[in-house]
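See below for the structure under consideration.
The values are calculated or read from the model by the stated rules, or taken from the named source; none is laboratory data. Keep in mind that what you see is a predicted model, and the values were worked out from it rather than measured. Counting neighbours? That spans all protein chains shown, and the Cβs are built from the backbone with ideal geometry, glycine included. The accessibility values were calculated without ligands, DNA or RNA, using every heavy atom of the protein model including side chains. Shrake-Rupley method; radii C 1.70, N 1.55, O 1.52, S 1.80 Å.
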Amino acid sequence: MSKPDQFVLRLPADTQALMAEGARQMGICNSCRYCEGYCAVFPAMERRLEFHGTDLNYLANLCHSCGECYYACQYSPPHEFAIHIPQLLGAIRAKTYRQYAWPAPLANLFDSNGLFVAVALMAGIAAILLLATLFAGNGAALAEARPDGSFYAVIPHTAMAGVFGLVGLFVLVALLAGFMKFWRDAGENLAEFTRPFALAETLKDIATLKYLDGDSQVGCTYPGEQPSQARRWFHHLTFYGFLLCFAATLVGTLYHYGFGWQAPYGFYSLPVLLGTLGGIGLAIGPAGLWWLKVRQDPLTASPEQAGMDIAFIALLILTSLSGLALLAGRESQWMGSLLILHLGAVMALFISLPYGKFVHGIYRGAALVKYALERRRPGLDLGGD
Amino acid sequence: MRSSALSCKASARHPPQPWFRLGRSEPSAPAKRISRTDIPKQHESTTMKDPYACDVLVIGGGNAALCAAITAAEAGAKVTLLECAPRHYRGGNSRHTRNIRTMHRAPMHPLIEAYPEEEYYQDLLKITGGNTNEELARHVIRTSEPAIAWMRAHGVRFQPSLGGTLHLGRTNAFFLGGGKALVNCYFHAAELLGVKVLYEAEAVDLEVKNNRFTSAIVRKDGAEMRIGARAVVVAAGGFESNLEWLEDAWGPAAKNFLIRGTPYNMGKMLRVLHQRGAEAIGDPKQCHAAAIDARAPKFDGGIVSRVDCVSLGVVLNRDGLRFYDEGEDFWPKRYAIWGRLIAMQPDQIGYCIIDRKPIGRFMPPVFPGFKANTIAELAQKLGLPVDIVVKTIADYNAAVVPGQFDHTIMDNCHTRGLAPEKTHWALKIDAPPYYGYPLRPGITFTYLGVDVTPRAQIKMKSGDVAENMFAAGEIMAGNILSKGYLAGIGITIGTVFGRIAGEEAARHVKA
């Protein structure tokens, strides 16, 4: 059945009005505190009496919009207090992605993120195709079967490394700039970020997805009202799949420059094993997250995030599947086409990292570091209620 | 609403739905059964008259009712539960609760240290002035210890004592997410067990012959129907939302009361039980009332309507005068008497006034205080007589004896020469901005109920015991709690007696 009107929270689109609504809701939430045990949002909220834009931005990036606190809330709409923390913070979080984007004009890419990602994908494929045709001399060479699976015959290593190196550098700078904007907005200085205990705590929280596990047994109320570990598992597959693919690239780079070993590497070589495992994770994980997303209770969903979520998920799946297909078909005449498709997808993924859902990892990670730091600072002493 | 909208956390007995079965519109099997029977099957002659006929009919949808329904269903009884609220507002006052006071002989997560039976009982004697049924009280206390494991087994999750409630960390186990999360779990557990849950189904009468219940008259979807059952558990709460009844008991002052909980506790079943011969217990004039923000909604404001700065400031009445020692004791021990104190003031209103100093030293109130740079301006904003308020504050300031302020202990800051004195935390009110919070009595629950046996059977005025009529929760809490309140004991009584009522009702049905 469709979303019944009376349960829907109407959030203002205007930033200032949204922040005022945020201050209102968090003010009510802060005088209840029943949800304190669910995640980091609530202990962080309790350290505050007022909620300015910067506080809300920080809290929004601690939130996963899992829905636990919505289902538990005795003040959810149609109650006149109309509290809906997952949707409120989801909307604010979507705004922070734009606010922290660098360079600032590119923040608009968040507005129709699906379109942007699609264009990036086409541009990526076209760019790689252009690169390939430039070096391969003529189009026919692209469709040749190469028994040695040598993709450097299609695109020379230097061209590939050069293009991806440049794009990668830009992406790195953009992500770092976004992080700096977040960190400054949160009122922190850079020295604090490097405190080892805070980093260690954060890495542990991220590695285990601590705040997606409910109370470490049953998981979160996502996609529906009954708790489940599904989102956590699929996210783990995605995250570790991503890391394994990244590790495969690093090992390959080391092989190339360190030992002078040229790709392609054998099926049982370290880069290929890492890449294959990672690719499988990166196919199943995002597919699962997509599957959960379409099943998400509309009462807890954040419409502001839906587009970028699906765009990122789709790109991850395309990247992993094309990579696996390339591996399987690297000795066939399809190698050239598959290589272009895969590298095009990777290029689009790279380009869209700072302007898509990927940034949640940067800001949530940074928010968790701030959370770890805050917890060691003296808080309010409000006495007993 | 979603057709699969069964709520609940998973549990050991009822594990979370496996991820591969998660579905937006996929109700679990028992839920399907419920939605089918929601629509009476007109073509079946057997169900024509009473599609909801069952072994045990549970009236109410709060903690006690759910504990009874789950227990009866687990004992093999066919159970129907009537919740008069819509699904979104289900759970009675339990949706506003947050913990259960639990006896324990050793640390038991999330409870620290120990809270032995005798200490618990003495706490109860203290607040009721000795007026309790010792047999029932001690049974509730002893059974509260194993209740925690039972709750966990039905999906309830706990969390350490909330910030600002560390004084309860030893005695009260807090539900993760609070009372609504608790009832969500129980509704889900009940539905998994095949309990038929009818929302917006209000029991309006009971048919009782020779102390035997035969059926209930139920209003649903604008029509009345008769639901027969072999036993009934009435766990339908008190009458705190019934403004007319409150006025009967309290006089016109009741018009100015706010109701902190559900608007659905109209006391209908309480009245029907009394009319059908059940023995009443408790004083209709007794109710638990706290001082809450006057701007809170008439109903359902719940926990957030509290104003926790009374002990750090002064409270004036409509005429601009103080009327009670604000610093008599810590606020958690005093908020309940302030409901009554304000109820006795003209127009049933009070105004708590603080200056800048206490800000950040009390739980944040839900409504921002009225704010002004002078006392006169604040008095004007609050609609109080300016000259009198200015004089009251000046007199108070002049009477403050300097001391060492510490809001976490009973400090030595007090007044000398005032009537009434303020005996702790008395600081001059002289640092603008000044803040004012209007206060009203906020009723949490009522004490009037029905007399029961230790087996939760309802006692009749005739001296007989009704064999197939049971009561649990607020409707019989007056047996144990004649007045006063111990935080979290309402849920304890509801859980223990809900389970007893469910078990006894099922046993009666099977006998």
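Might you let me know whether segment B:141-154 holds any residue that is part of a loop (DSSP other than H, G, I, E, B), in contact with a helix residue (DSSP H, G or I) (Cβ under 8 Å, 6 or more places away or on another chain) and within 14 Å of chain A (Cβ to nearest Cβ)? Give the steps one after another, and end with the answer.
Initial filter on segment B:141-154 (part of a loop (DSSP other than H, G, I, E, B)): B:154.
Add one more test, that the residue is in contact with a helix residue (DSSP H, G or I) (Cβ under 8 Å, 6 or more places away or on another chain), and what stays is B:154.
Still in the running and within 14 Å of chain A (Cβ to nearest Cβ): B:154.
So far as segment B:141-154 goes, yes, one or more of its residues are part of a loop (DSSP other than H, G, I, E, B), in contact with a helix residue (DSSP H, G or I) (Cβ under 8 Å, 6 or more places away or on another chain) and within 14 Å of chain A (Cβ to nearest Cβ).
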Practice prompt. Go through segment A:238-293 and give me each residue that's of a type in the set (Val, Ile, Thr) and either open to solvent by less than 70 Å² (accessible area, probe 1.4 Å) or touching a His at 6+ places or on another chain (Cβ under 8 Å) (or both).
Written response: A:Thr238, A:Val251, A:Thr253, A:Val272, A:Thr276
Fill in: Number of the condition not met by B:Ile443 [criteria: (1) within 38 Å of the chain's Cα centre (by Cα); (2) closer than 14 Å to B:Leu312 by Cα; (3) not basic (Lys, Arg)]
(2)
Worksheet, complete the sentence: All conditions in (1) within 28 Å of A:Gly27 (Cα to Cα); (2) within 13 Å of chain A (Cβ to nearest Cβ) are true of B:Ala379 except (2)
Item to complete: Would you mind listing the strands (runs of 3 or more DSSP E) fully within segment B:432-482 where at least 1 residues are under 30 Å from B:Gly360 (Cα atoms)?
Response: B:434-446
Fill in: Members of segment B:301-339 that are open to solvent by less than 10 Å² (accessible area, probe 1.4 Å), under 29 Å from B:Trp245 (Cβ atoms) and part of a loop (DSSP other than H, G, I, E, B)
B:Gly301, B:Val307
Worksheet entry | Spans of helices (runs of 4 or more DSSP H) in segment A:1-78 with at least 3 residues buried (at least 23 other Cβ atoms within 10 Å of the Cβ) and more than 14 Å from chain B (Cβ to nearest Cβ) | A:53-62
Item to complete: Please state which one of B:Ala290, B:Ala278, B:Ala229 is buried (at least 20 other Cβ atoms within 10 Å of the Cβ), closer than 27 Å to B:Arg361 by Cα and either among the hydroxyl-bearing types (Ser, Thr, Tyr) or in contact (Cβ under 8 Å) with a residue 40 or more places away in the chain (or both).
Response: B:Ala290
Worksheet item: How about segment B:97-134: which of its residues are modelled with pLDDT of 95 or more, within 14 Å of another protein chain (Cβ to nearest Cβ) and surrounded by fewer than 24 Cβ atoms within 10 Å (Cβ to Cβ)?
Response: none
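For segment B:409-417, indicate whether the set of residues that are under 28 Å from the mean Cα position of the chain (by Cα) and open to solvent by less than 10 Å² (accessible area, probe 1.4 Å) is non-empty.
Within segment B:409-417, not a single residue is under 28 Å from the mean Cα position of the chain (by Cα) and open to solvent by less than 10 Å² (accessible area, probe 1.4 Å).
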Worksheet entry | Where a residue in segment A:120-131 is assigned by TED's automatic domain parsing to the domain that holds A:Phe312 and in contact (Cβ under 8 Å) with a residue 12 or more places away in the chain and its partner, wherever it lies, is open to solvent by 50 Å² or more (accessible area, probe 1.4 Å) and part of a helix (DSSP H, G or I), with Cβ under 6 Å and at least six apart | A:Ala120/A:Ile351
Discussion item. If the requirement is being within 10 Å of another protein chain (Cβ to nearest Cβ), open to solvent by less than 10 Å² (accessible area, probe 1.4 Å) and aliphatic (A, V, I, L, M), which of these qualifies: B:Leu206, B:Leu182, B:Leu168?
Written reply: B:Leu182
Worksheet item: Got at least one residue in segment A:325-346 being more than 15 Å from the chain's Cα centre (by Cα), assigned to a helix (DSSP H, G or I), of a type in the set (Val, Ile, Thr) and under 18 Å from A:Leu243 (Cβ atoms)?
Response: yes
Item to complete: Residue by residue through segment A:146-160, note down the ones that are surrounded by 14 or more Cβ atoms within 10 Å (Cβ to Cβ), in contact (Cβ under 8 Å) with a residue 40 or more places away in the chain and touching a helix residue (DSSP H, G or I) at 6+ places or on another chain (Cβ under 8 Å).
Response: A:Arg146, A:Gly149, A:Phe151, A:Tyr152, A:Val154, A:Ile155, A:Met160
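A:Glu188 - would you say it is closer than 13 Å to A:Leu368 by Cα, open to solvent by less than 50 Å² (accessible area, probe 1.4 Å) and outside any helix (DSSP H, G or I)?
Answer is yes for this residue.
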Discussion item. Within segment A:79-94, take every residue that is within 14 Å of chain B (Cβ to nearest Cβ) and assigned to a helix (DSSP H, G or I) and give me the one that is surrounded by the most Cβ atoms within 10 Å (Cβ to Cβ).
Written reply: A:Ile85
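Residue by residue, here is whether (1) farther than 27 Å from B:Pro110 by Cα; (2) modelled with pLDDT under 95; (3) out of contact with any helix residue (DSSP H, G or I) (no Cβ under 7 Å at 6 or more places or on another chain) holds:
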residue	(1), (2), (3)
A:Pro4	yes, yes, yes
A:Leu11	yes, yes, no
A:Ala17	yes, no, yes
A:Gln25	yes, no, no
A:Ser31	no, yes, no
Fill in: Qualifying position, being away from every other protein chain (no Cβ under 14 Å), within 16 Å of B:Val314 (Cα to Cα) and surrounded by fewer than 19 Cβ atoms within 10 Å (Cβ to Cβ), among B:Ile342, B:Ile388, B:Ile359
B:Ile388
Discussion item. I'd like the full set of residues that are exposed (fewer than 13 other Cβ atoms within 10 Å of the Cβ) and closer than 30 Å to B:Tyr186 by Cβ, limited to segment A:191-231.
Written reply: A:Ser216
Item to complete: Return only the number of the condition from (1) in contact (Cβ under 8 Å) with a residue 24 or more places away in the chain; (2) surrounded by fewer than 19 Cβ atoms within 10 Å (Cβ to Cβ) that A:Pro303 does not satisfy.
Response: (1)
